[in-house]
Amino acid sequence: MADPNEASEAWRALGQQLAAYRKAAGHTQHSLAPRILTGRSTIANTEVGRQHPDRAFWKRCDEALDTGGALTAGYDQVVAVDQKYRRARGTAAFTTALTTAGTALVVGAYGQPARETDIVTTVADGRGRQVQVSRRALLHAVPGGVVASLASAEPLVAATRTAQVDPAVVERFAVLRSVLVESDNRVGAAAILPTARQQLGHIADYRRAARGSLRDALLSAEARWAEFAGWLSDDMGDRDAGEWWLAQALTMAQEAGDMEFTAYVFARMAQRASDAADQDRVLGLARAAERAGSTQEQVRAFAAVQRAHGHTVEGDAGSFRAAIDEAHHLAAATATEGGGLGAFCTTAYISAQEGEGWLRLGRPGAAVRCFGEALDAWPETYRRERGRYLARTAVAHAAADEPGLAAAAALAALNLANLTRSARIQREVATAGRQLAAFPTEPGVQQLHAALAASAATS
């Protein structure tokens, strides 16, 4: 079996080859990005072997850099090495996981070598169904739920060749998305994004074949998957892709007349703006979310949280406090069970967001208190978000001149960042590490800096 280190080295070598061709052609990462229809961060991550784009990416690079197909050929060779390792390692465990749920399966390669994707044939009640899906994602999802969803789904290609589309397919895509959202919380975006992109293609195929209200329902489903792809891209550090997917989600939701999801996407845009250079847009986007008129309390609570953040940009602590109180009231009035739109916007989430606001307003002590309240109530299954708020707790402790507590929180966050491969958490921990540079003799700080250096060396 191929060694995993061999595959990692092969991806890094291919990335270095891309960098060499780019520099030889006189391109910076910024100047090459629009020529190959991607973001600068994708190129940067690819050149160090952190991100592994699909074959179409490498083909565009060959065309833009006039390499004679060298990069695409290199990609095919690297994928062969990677796929050999993954297939040998994963097939036994994958078979065990699904047969435990009482379902037989067959796994086989599909088309061009694909690093993350296999065809899975589930056999239940004597009937077989095929679907392409990320093996790693399904290994960490709930096997029974996945199998039930896939075994009951009609073959995608066959469905789009007919004039009739089964309306039940909308719910099946919703079920699969909810499974992948849960799996994302456990294993991180890198394992899930290839499957999300693939399913977006399938939904689009169904949508093109549908008419009337069914087409609108599929367009609504496509918008939700596009927003999910944007979230995953952001977590991997590709903000350009995240922005593009979110814009697609907004136009799809508006075209479908889905005002609930339109409100949600505007709130998501406000959320992203609070971490970007255009923070002045946070309040306006939050108000756009509220004008969309959602009837769901948790979506309205999410919009109120973003309005609160908009007030912190303006330094208005009183309005911030009022908006946070409104969000808490809305969330408290909502049942805690269920996975509807904005279901993540619980009182614990709002406490964490309150901590963010107090940190921005220069009150780190209040921020530490709020982050603590949030983490005490945070579900263990949401490991990546726990890691993020541990990292923010570290930043707050550092701002409050509490280096020992800051280092301990940052180390715990870094462990979760490595487990979930979250670039977002790693950036937050690195921020805390820079803040703690003023305490070089603190043992916990020394341990943190050593862990950060080791993490950077292996990424």
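Miscellaneous remarks
- If you go through segment 257-301 and keep only what is of a type in the set (Lys, Arg) and over 20 Å from ARG392 (Cβ atoms), you end up with ARG281, ARG287, ARG291, ARG300.
- Here ALA304 clears all of (1) within 24 Å of the chain's Cα centre (by Cα); (2) assigned to a helix (DSSP H, G or I); (3) among the small types (Gly, Ala, Ser); (4) surrounded by fewer than 18 Cβ atoms within 10 Å (Cβ to Cβ) except the condition numbered (4).
- Any chance ARG268 is surrounded by 21 or more Cβ atoms within 10 Å (Cβ to Cβ), within 22 Å of PHE302 (Cβ to Cβ) and basic (Lys, Arg): yes
- Tally, over segment 20-46, of residues that are of a type outside the set (A, V, I, L, M, F, W, C), within 17 Å of ASP240 (Cα to Cα) and not in a loop (DSSP other than H, G, I, E, B): 10
- Selection from segment 418-446 of residues that are under 29 Å from the mean Cα position of the chain (by Cα) and of a type outside the set (A, V, I, L, M, F, W, C): ASN418, THR420, ARG421, SER422, ARG424, GLN426, ARG427, GLU428, THR431, GLY433, ARG434, GLN435
- So ALA374, is it crowded, with 17+ Cβ neighbours inside 10 Å and under 28 Å from LEU180 (Cα atoms): yes
- Single condition ARG363 does not satisfy, out of (1) touching a helix residue (DSSP H, G or I) at 6+ places or on another chain (Cβ under 6 Å); (2) at pLDDT 95 or above: (1)
- Here THR312, THR295 are screened, and the one residue that is outside any helix (DSSP H, G or I), under 17 Å from ALA267 (Cα atoms) and of a type outside the set (Gly, Ala, Ser) is THR295.
- Scanning segment 184-191 turns up at least one residue that is at pLDDT 80 or above, under 18 Å from GLN248 (Cβ atoms) and in the same structural domain as SER220 (by TED's automatic domain parsing).
- Some residue of segment 32-52 being loosely packed, with under 14 Cβ neighbours inside 10 Å, at pLDDT 85 or above and not hydrophobic (A, V, I, L, M, F, W, C): no
- Among the residues making up segment 181-215, those that are charged (D, E, K, R), closer than 17 Å to PRO167 by Cα and part of a helix (DSSP H, G or I) are ASP205, ARG207, ARG208, ARG215.
- Selection of segment 53-80 for residues being in contact (Cβ under 8 Å) with a residue 40 or more places away in the chain, among the aliphatic types (A, V, I, L, M) and surrounded by 18 or more Cβ atoms within 10 Å (Cβ to Cβ) yields LEU65, LEU71, VAL78.
- In segment 235-244, the residues that are assigned to a helix (DSSP H, G or I) and buried (at least 23 other Cβ atoms within 10 Å of the Cβ): ASP235, GLY242
The values are calculated or read from the model by the stated rules, or taken from the named source; none is laboratory data. Quick caveat: nothing in here was measured; it's all calculated off a predicted structure. Virtual Cβ from ideal backbone geometry, glycine too; neighbours counted across all protein chains shown.
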